[in-house]
Amino acid sequence: MNAMTGAVLEIAEELPGAEPLTPSAARPVTKVRQRRLGLGEPLVLGPLLGPGLLLLFWCVFSYTGLLDPRILPSPWATLATARDLTLDGRLLSNLAVSAIRAGEGLAFGVVAGLIVALISGLSRLGGYVFDGPVQMKRSIPSLALIPLLILWLGIGEAMKVTVIAIGVFVPIYIQTQAALRDTEVKYLELAETLRLSRWRFIRHVVLPGALPGFLLGMRFAVMAAWLALVVVEQVNATSGIGYMINLARTYAQTDVIVVGLVVYALLGLTSNALVRLVEARVLRWRRTISP
């Protein structure tokens, strides 16, 4: 028996009403491992796991012949086509046009959605004026407006950018306005107790609290921008990834079509990752189970 155990036994025996302890009674305390209920530790390349598995299955099915190359070309054939399209400049030029269209529509839609959400979310009268029409628009797909927009704006760039902006506007408005209205009453009562002005209350409490909702709307908005872009570039376009796909369909060039679809998918994956990165940097103060 070591000195530490002996000292513990002597102190325990001196306590009133305590029974004498024997060395066998002083059992070592076993450390119980606590079960963690979270999502686990994040992986370095975890977000690429799903796309990587899709690419793996594509390679395996193509290599074993289970996937007919006339239906879907192999990854290496698609990569070779992408290289040829890059070398002759067609892929990069069309990609630049598509990126400008999506960027313009995204910018207009975000600004419009944010302004209307602030008016509707911070004013009861503004909510009465704007929320009903936006909810009505929400039930109408943006792509269903294309025939009407063609009559109003023609079939040029203005129509294409407008369709993208409308598709972006709705998720930005919905998520931001809901986040503004979800400010807890206890913060309002605290601000009234501290006699904060309305502007300081909005600036220091409401807007920071609505930031997660706005960023969630941005994630939906970038996806909506690419989805709308895919459709509008099929309507009398003379450039862009959609035009390249439509032209390849005319000549039955399946490999070029797949290259265009892969480009769309990579654009969506990259833009979503960028928004998530901004969200992680801006919302570092918020503790969630998914860091």
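Points worth noting:
- Any hit, segment 47-54, residues being surrounded by fewer than 15 Cβ atoms within 10 Å (Cβ to Cβ), under 28 Å from TYR251 (Cα atoms) and out of contact with any helix residue (DSSP H, G or I) (no Cβ under 6 Å at 6 or more places or on another chain): yes
- Checked across segment 122-136, the condition of being surrounded by 15 or more Cβ atoms within 10 Å (Cβ to Cβ) and in contact (Cβ under 8 Å) with a residue 60 or more places away in the chain holds for at least one residue.
- Every residue from segment 168-202 that is of a type in the set (Ser, Thr, Tyr) and either under 30 Å from GLY105 (Cβ atoms) or in contact (Cβ under 8 Å) with a residue 24 or more places away in the chain (or both): TYR173, THR176, THR183
- Test: GLN175 is over 22 Å from VAL230 (Cβ atoms), surrounded by fewer than 22 Cβ atoms within 10 Å (Cβ to Cβ) and not small (Gly, Ala, Ser): no
- Search result, residues across segment 124-163 that are in a helix (DSSP H, G or I), over 18 Å from SER98 (Cα atoms) and among the small types (Gly, Ala, Ser): GLY126, GLY127, GLY132, SER142, ALA144
- Segment 178-202, subset within 26 Å of PHE220 (Cβ to Cβ) and at pLDDT 80 or above, residue surrounded by the fewest Cβ atoms within 10 Å (Cβ to Cβ): ASP182
The values are calculated or read from the model by the stated rules, or taken from the named source; none is laboratory data. Note that the coordinates shown come from a computational prediction; the quantities given were computed from them, not determined experimentally. Please note: Cβ atoms are built from the backbone with ideal geometry, for glycine as well, and neighbour counts cover all protein chains shown.
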